[in-house]
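Visitor: Below is a structure I'd like to ask you about.
The values are calculated or read from the model by the stated rules, or taken from the named source; none is laboratory data. Fair warning: this is a prediction, and the values are worked out from it, not measured in the lab. Cβ placement follows ideal geometry from the backbone for every residue including glycine, while neighbour counts extend to all protein chains displayed.
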Amino acid sequence: MLTEKDPHIPSSERSTQNGDDIKNIDNNDGSDRYAVELKESIDTFDPEALEFNSNSEEIRKVRWKIDKRLIPLLTVMYLCSFLDRANIGNAKVAGMEADLSLKPGEFNTALSIFYVGYVIGEVPSNMALKQFGPRLWIPIVMFLWGSIMIAMAAGYAPGPVYVISMWYARNEQAIRVGLFFSASTVAGAFGGLLAYAISHMDGLHGLQGWQWIFIIEGIPTIVVCFLAFIYLPDFPATSTFLTPTERALTIKRLAVDAGPGDEPHFSWVQFRAAFKDWKVHMHMLIAILQGIPFASLGLFIPSIVQGQITTQIMTVPIYVVACFSVILFTYSSDRKKERGFHLAILSFMATIGYGLLVLTRHSATGARYVSLMICTSGIYGYVPVMLSWSGVNIGGHTKRGVAIALIISIAQIGSVIGGQLYRNDDERLTPEEYALESSGTDLADKHPSFRFYT
């Protein structure tokens, strides 16, 4: 995007300087279509033709136009993605373990293996998104994902965060990441209701109810991928749904917000810098710790509340409350232009919720249910604030894309661990029996909590 080498340079001279910077991009290998078309868009923009104001009526209209085109589509796509990802928890409750004669621990191993693909594929996927553009790459990933679900991916998860960072100023990103991420809570609620209905198809055409869950919930993903190919825009400078003036306003608004550190061209220097930046390492550490409870709750909530009237329906209020938490905290984070304190509050909420779950494990159902709501609100609200925090503090399109993918990739290691937290063989011991068997010294692998890998 537009860059500023010296904030004291007059706007007219700065425009010339920016043009020179963009022209230098053309001296590269010419493979970055976005950088080339960005130059053409900037060349047609006269910065003196309008008085730039990031809060002007013109900017608000353009931003709203982008919102209407981008956010609903990303939200629906993530809804399909999360619905497909979380339906294995509902399939388990619908009898998958018994039908497949899974041994103790095999279901958990399957969950952990699922997330290995995330760890491997996140960075290459974001680089492919940069090369081919969101309009082509994201629908391809969704089509493959939906096809695999019907027959039974790493690419989609980091994509929307990266796309939003390319279209919005830094104080506008958290709420929009929150809006598309709220689809995960909608998927949790909707998925539970849908799975409850689908499970009654048990025996239809010789298929079990849990098999129909995978088939029916995979179909919308394939349908939406074709809509995304038609309507999802690539980048501001190459968008066709904006007029030339609106593209210029958007580019200028993002350039003013980003400052001098937002080079649009692909850079191996930036690629390597993402791996060396200590800030990225810290966000990766935060992400892996957050990934453990996020994955375990999403996959095992149906099992946790199993036995409460109708399991699938009982998961709905939990996710509704979590959705309110996501919207509230991301909106506040953008308004305050602050991330860390919001994350601290959400982490404290999750900690309190888990503590209450332990303290109320022998209490009435209502107390445990409320504790689970507090857990989910803290954990789900945490994710979009964390992702928008890392995205706004990393300059350069290449470095930002790699860093976002790295952070989300490492979070999936937490998901691998999370898949091992709730195991059926843990139910064999009552609290009293567990206390007895875990007492003593030098138990080594005889301790009841020791886990063997298969």
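Visitor: Just for the range 368-409: of the residues that are buried (at least 22 other Cβ atoms within 10 Å of the Cβ) and among the polar types (S, T, N, Q), which one is nearest to Ala273 (Cα to Cα)?
Guide: Here the residue is Thr398.
Visitor: So, one more: Looking at the range 59-66, is at least one residue modelled with pLDDT of 80 or more, outside any loop (DSSP other than H, G, I, E, B), closer than 27 Å to Gly396 by Cβ and out of contact with any Phe, Trp or Tyr (no Cβ under 9 Å at 6 or more places or on another chain)? So that I can check it myself, show each step before the final result.
Guide: Going residue by residue through the range 59-66, those that are modelled with pLDDT of 80 or more are 59-66.
Next cut, outside any loop (DSSP other than H, G, I, E, B) only: 59-66.
Filter once more, so that each one left must be closer than 27 Å to Gly396 by Cβ: 59, 62-63, 65-66.
The next check asks that each one be out of contact with any Phe, Trp or Tyr (no Cβ under 9 Å at 6 or more places or on another chain); those that pass are 62.
Yes.
Visitor: Next question. Is it true that Thr310 is farther than 20 Å from Pro158 by Cα, among the β-branched types (Val, Ile, Thr), at pLDDT 90 or above and surrounded by fewer than 19 Cβ atoms within 10 Å (Cβ to Cβ)? Even if it seems obvious, please write down each step before you answer.
Guide: On the way: farther than 20 Å from Pro158 by Cα: yes; among the β-branched types (Val, Ile, Thr): yes; at pLDDT 90 or above: no; surrounded by fewer than 19 Cβ atoms within 10 Å (Cβ to Cβ): yes.
No: the conditions fail for Thr310.
Visitor: Can I ask one more? Could you tell me whether the range 77-98 includes any residue that is out of contact with any His (no Cβ under 8 Å at 6 or more places or on another chain), within 30 Å of Leu242 (Cβ to Cβ), among the polar types (S, T, N, Q) and part of a helix (DSSP H, G or I)? Quick ask: steps written out before the conclusion?
Guide: Going residue by residue through the range 77-98, those that are out of contact with any His (no Cβ under 8 Å at 6 or more places or on another chain) are 77-98.
Restricting the remaining residues to those that are within 30 Å of Leu242 (Cβ to Cβ) gives 77-82.
Next, only the ones that are among the polar types (S, T, N, Q) stay: 81.
When the remaining residues are screened for being part of a helix (DSSP H, G or I), the result is 81.
Yes, the range 77-98 contains a residue that is out of contact with any His (no Cβ under 8 Å at 6 or more places or on another chain), within 30 Å of Leu242 (Cβ to Cβ), among the polar types (S, T, N, Q) and part of a helix (DSSP H, G or I).
Visitor: I need the full set of residues from the range 104-139 which are buried (at least 17 other Cβ atoms within 10 Å of the Cβ), at pLDDT below 75 and among the β-branched types (Val, Ile, Thr), in order please.
Guide: Selection gives Val119 alone.
Visitor: Of all residues in the range 334-344, count the ones that are within 17 Å of the chain's Cα centre (by Cα) and assigned to a helix (DSSP H, G or I). Full working, then the answer.
Guide: The first filter runs over the range 334-344 and keeps only residues within 17 Å of the chain's Cα centre (by Cα), leaving 339, 343.
Remaining after also requiring assigned to a helix (DSSP H, G or I): 343.
Here the count works out to 1.
Visitor: Only residues that are outside any helix (DSSP H, G or I) and surrounded by fewer than 17 Cβ atoms within 10 Å (Cβ to Cβ): list them for the range 168-226, please. Steps first, answer last, please.
Guide: Going through the range 168-226, the residues outside any helix (DSSP H, G or I) turn out to be 168-169, 202-203, 207-208.
Across the range 168-226, the qualifying residues are Asp202, Gly203, Leu207.
Visitor: Sticking with this structure for a sec: Looking at the range 332-367 only, could you name the residues that are surrounded by 15 or more Cβ atoms within 10 Å (Cβ to Cβ) and of a type in the set (Lys, Arg)?
Guide: Within the range 332-367, just Arg339 meets the criteria.
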